[in-house]
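J.: Below you will find the structure I want to go over with you.
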Amino acid sequence: MMSEQKERKNPFFFPYNTPHDVAPFDRIRLEDYEEAFMEGIRREDEQIDKIINDPRKPTFDNTIISIDDEKDGEGYYDLLGRVSSVFFNLLSAETNDDMDALAQKLSPVLTKHANDIRLNEKLFERIKYVHQHHRKLTPEEKMLLDKCYDGFVRSGALLDAAGKERLRQLTEEASILGLQFSQNLLKENKAFTLHITDESQLDGLPETAREAAALAAKEMEKEGWVFTLDFPSYSPFMTYSTQRELRRQMYMAKNTECIHDNSENNLDICKRLINLRRELAQLLGHKTYADYVLKHRMAGNVRNVYKLLNDLIVAYKPTAVKEVKEIEKMAKKTEGKDFKLEPWDFGFYSHKLQLQKYNIDAEMLRPYFELSKVIDGVFGLANRLYGITFKENKDIPVYHPDVKAYEVFDKDGSFLAVFYADFHPRKGKQGGAWMTEYQGQWIDRKGENIRPHVSVVMNLTKPTDEKPALLTLGEVETFLHEFGHSLHGMFANTRFESLSGTNVWWDFVELPSQFMENFAIEKEFLRTFAFHYQTGEPIPDELIDRIIKSRNYNVAYACLRQVSFGLLDMAYYTKKDEFTDDIIPFEKKAWEKAMVTEQLPDTCMTVQFSHIMAGGYAAGYYSYKWAEVLDADAFAVFKKEGIFNPATAQRFRDCILSKGGTENPMVLYKRFKGGEPTIDALLKRNGIRRGKK
């Protein structure tokens, strides 16, 4: 045994010898990470020393490319990038207490290392020289140079010594607090369970929800049924359960996460993160953090963000108020005129009204959305649009049995990408859904096009002992959304990895994902995969018609919910002075203009709003609505030219999906469409305005 341990080698240090050089998840152990991180830092420091001590005059090739390309040299690879991609992806998808502790230990080390590079005066002098004196560059090279130079400036390269030291302190503290925020949220989410032993308390719940709850109880070695705050458990309970008191318990558990008097409380962490970001922005010469962020967004400035959000409020609020009144009327009709609709009642009565108006609900559709068929449908859609094919390869190691790994081939049969899909909730996995990469795309110095390893991570309904995984239409849309991001990654075809795939401005990155959601209610698409999991019968046309008719049910309410999140985000990050308010009342006031239902004083969204506290969306949550304008506008082009028109799809691929961040996104979009986007297509799609008058 001892000799075996002595002979074992850290897999990060050697060729992986796996299909397509994918990460060898089956060989990686916890103790491998820290060693690889520290050696990766050492190698990167060595690379930087080589650049700054190069006696030659700084040029684009010996400075900018050398910074961007850590894979230079025979047999050399970016060790730090290699270990980071695995560790931080698994920290979200498959973590445990030991990984969390290691992340806390490594976070300040990695932030310090990043600061050491960005604040290296000799390195910046070379970059600045190249920025001012360079050969004729291609548009992509110019974009890389500008991104590199501006990245250093935005990271403090022009600050004096005291300013640089303060920036180090701010970024290191923010890094630790962002991590703590996420860990607290995951712990709070997993800590709550609703354990039911009396079967009568399951009244109203569909069979799929009961079976999933029975499976959860069995996994926890408990009798009866267990419901959790994971979306596939929480959402059906809030929609179908007739037990109002239990709905209240679930709602309050979900909406009071991380505000309890315990070690997982995020209130002070949020306040500190807001102030750290404000101070960082002001240190770098901006009035607010939003001003700092929006300099590199399509929106451009705070005024344009508020214009979008306010335009949406004006357009959608009258309809949203009507939608809520209709649900209240339904509730009073059912329960009596003195009944007061509470937040934990909204989903329940909204569903009843939807059933009454359109005779449709999520459970009617589940039998037609069996996960393996949905996978076939989504892959088939990509094949029909772009000619690509997917082949599962069980020789590709995965980090959990739930994960499937595929090889993706282009229409000419050439290898395009590795695609991982991780479908179901589990203990060590964050909630929500996201796309990520284990390897980006780039073209190396020998001209070889290094293809990406892309992953989508979701929390879709699990299979039970009795049934396969049967999804809701909303879950199908989630799959399509993340798959759209993955296409952006898989089609990447740029020279530099830092400009490839989803390395684009944040208010452009959601276009490819939200675009794909449009197909979810297209008859021609549904007919390719929506077959009853027991009988094999195709989804009836009449049911598809009801789906289409109900598409805009509560659409204005849903729009204002997103707008409210955007308002909250902007309220925090447009602060010019120190943020000293109490988070909970500040939150209520910040989004009041978009609210159409009563707010409870003792609930809080901010403390679980990962996007703007621990993710990349601080001062950027409006991006979802910004991109929705783009996606509706783009899909209108497909509707006009044919939703499966291969020429239109190829143009979308060539102009947008394959270009990454190599050009300004508005330039890319206009090249695809032939003009700028307008809000008209979104309003028309949502039934808010029907065409031109």
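The values are calculated or read from the model by the stated rules, or taken from the named source; none is laboratory data. Not measured: the values here are computed from a predicted model. All Cβ positions, glycine included, derive from the backbone under ideal geometry; neighbour counts span all protein chains shown. Just the protein is used for accessible areas: all its heavy atoms, side chains included, with ligands, DNA and RNA removed. Shrake-Rupley method; radii C 1.70, N 1.55, O 1.52, S 1.80 Å.
J.: Jot down the per residue volume, in cubic angstrom and as a whole number, of the convex hull over the alpha-carbon atoms of the stretch 558-599. Provide the component values of the computation, followed by the final result.
T.: Values: hull volume 2.5 nm³, N = 42.
Dividing the Cα hull volume of the stretch 558-599 by its residues yields 60 Å³.
J.: I'm a student and want to see the number: the projected area of the Cα convex hull of the stretch 315-435, averaged over all directions, in nm².
T.: The orientation-averaged projected area of the Cα hull of the stretch 315-435 comes to 12.2 nm².
J.: May I ask for the net charge around Tyr533, where only other residues with Cβ less than 9 Å from the Cβ of Tyr533 are counted and Lys, Arg are +1 while Asp, Glu are -1?
T.: Summing Lys/Arg as +1 and Asp/Glu as -1 gives +2.
J.: In the chain, what percentage of the DSSP-assigned beta bridges are antiparallel, given to the nearest 5?
T.: Bridges in the chain that DSSP calls antiparallel: roughly 80 percent.
J.: Across the stretch 418-561, what fraction of all alpha-carbon pairs, as a whole percent, falls in each successive 5 Å bin from zero upward?
T.: Once binned at 5 Å, the Cα pair distances of the stretch 418-561 give 2, 8, 14, 17, 17, 15, 12, 8, 4, 2, 1, 0.
J.: Something else: Three principal axis extents, largest first, for the C-alpha atoms of the chain, in Å?
T.: Reported extents, whole Å, longest axis first: 83, 64, 55.
J.: Next question, about the same structure. Take the alpha-carbon centre of the stretch 454-490, take the same for the stretch 164-201, and report the distance between them in whole Å.
T.: Their Cα centres are 24 Å away from one another.
J.: In addition: Sorted by packing (mean other beta-carbon atoms within 10 Å per residue), highest first, where do 136-147, 362-373 land?
T.: So the peptides 136-147, 362-373, ranked by packing, come out 362-373, 136-147.
J.: Roughly how many Å² is the accessible area per residue of the chain, as a whole number, for a 1.4 Å probe?
T.: Values: 30290 Å² over 693 residues.
Result: 44 Å² of accessible area for each residue.
J.: Just to check I understand the Karplus step: with θ = phi - 60° and J = 6.51 cos²θ - 1.76 cosθ + 1.60, what whole-Hz values come out for the stretch 153-158, glycine and proline as x?
T.: 4, 5, 9, x, 4, 8
J.: Using a 10 Å cut-off on Cβ atoms, rank the peptides 224-235, 637-648 from the highest mean neighbour count down. Write out the running numbers ahead of the final one.
T.: Values: 224-235: 21.1, 637-648: 14.4.
Top of the packing list down: 224-235, 637-648.
J.: Ratio to report: Rg/Rh of the stretch 209-351, with Cα atoms as the point set and Rh obtained by the Kirkwood method; give two decimals. Can you show the working numbers first?
T.: Details: Rg = 21.6 Å, Rh = 19.5 Å.
My calculation puts Rg/Rh at 1.11.
J.: Next question. Please report the carbon-and-sulfur percent of the accessible area for the stretch 525-664; probe 1.4 Å, protein heavy atoms only, DNA, RNA and ligands left out.
T.: Here it works out to 50 percent.
J.: When N counts the residues of the stretch 234-308, how does its alpha-carbon radius of gyration compare numerically with 2.2 N^0.38 Å, as a ratio?
T.: Rounded to two decimals, the normalised Rg is 1.71.
J.: Can you tell me the 0 to 90 degree angle between the C-alpha axis of helix 267-283 and the longest principal axis of the chain, rounded to 10?
T.: 40 degrees
J.: I'd like to compare 589-602, 487-500: which one has the highest average count of other Cβ atoms within 10 Å, and what's the full order after that? Spell out each step's value before the answer.
T.: On the way: 589-602: 14.9, 487-500: 24.6.
Averaged packing, sorted descending, gives the order 487-500, 589-602.
J.: Return one number: the angle in degrees, 0 to 90 and rounded to the nearest 10, between the long axis of the Cα atoms of helix 121-132 and the longest principal axis of the Cα atoms of the chain.
T.: 80 degrees
J.: I would also like to ask the following. Which FRET efficiency value, to the nearest 0.05, is calculated for Glu598 and Ala161 with the Förster distance at 45 angstrom and r the Cβ-Cβ distance?
T.: That gives a FRET efficiency of 0.30.
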